[in-house]
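Nothing in this text is a laboratory measurement; each read-out follows from the coordinates by a stated rule. Just so it is clear, the model here is predicted, and its values are computed rather than measured. No Cβ is skipped: glycine too gets one built from the backbone with ideal geometry, and neighbour counts run over all protein chains shown.
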Amino acid sequence: MRVLLAEDDDGVADALTEALYEHGHLPTRVRRGEEVLVRHRQADLLLLDLGLPDLDGLEVLRKLRAVSGLPVVVLTARGDERSVVRGLRLGADDYLVKPVTASKCCASCAR
């Protein structure tokens, strides 16, 4: 699966990229929301951090949903109820709060 990873933190991005490769996925990392809007057609899934340097991730999600049905998993440190509800209402397919542990993630991660 081609995964577009929108994450501005190098440490988090490196760890996620490594984990995605280990599970057979092909990650492409971008650091900015504008890059998501340009490159989303090259992906099968978007992992979206909300704290991007150029655009708020929720704005990226809103703009993306106007042009694409690409599956989106929000992966962010913002765990307040308002952000979660807003992200899901704007069209996120799932919303995970960092740090994500194996018990919060998919079954294949809980090995």
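Is it the case that Gly79 is in a loop (DSSP other than H, G, I, E, B), touching a strand residue (DSSP E or B) at 6+ places or on another chain (Cβ under 8 Å), surrounded by fewer than 15 Cβ atoms within 10 Å (Cβ to Cβ) and not aromatic (Phe, Trp, Tyr)? When the stated conditions are applied, Gly79 passes them.
Those residues that are out of contact with any Phe, Trp or Tyr (no Cβ under 9 Å at 6 or more places or on another chain), surrounded by 19 or more Cβ atoms within 10 Å (Cβ to Cβ) and not in a helix (DSSP H, G or I), I need them from the stretch 1-28; list them, please.
Here is the first cut: in the stretch 1-28, the ones out of contact with any Phe, Trp or Tyr (no Cβ under 9 Å at 6 or more places or on another chain) are 1-26, 28.
From the residues that got through so far, the ones that are surrounded by 19 or more Cβ atoms within 10 Å (Cβ to Cβ) too are 3-7, 13, 16, 20.
Of everything in the stretch 1-28, those that are out of contact with any Phe, Trp or Tyr (no Cβ under 9 Å at 6 or more places or on another chain), surrounded by 19 or more Cβ atoms within 10 Å (Cβ to Cβ) and not in a helix (DSSP H, G or I) turn out to be Val3, Leu4, Leu5, Ala6, Glu7.
Within the stretch 19-35, not a single residue is under 14 Å from Pro71 (Cα atoms) and not small (Gly, Ala, Ser).
Under the condition of being farther than 14 Å from Arg39 by Cα, outside any helix (DSSP H, G or I) and in contact (Cβ under 8 Å) with a residue 24 or more places away in the chain, the residues counted in the stretch 52-70 number 2.
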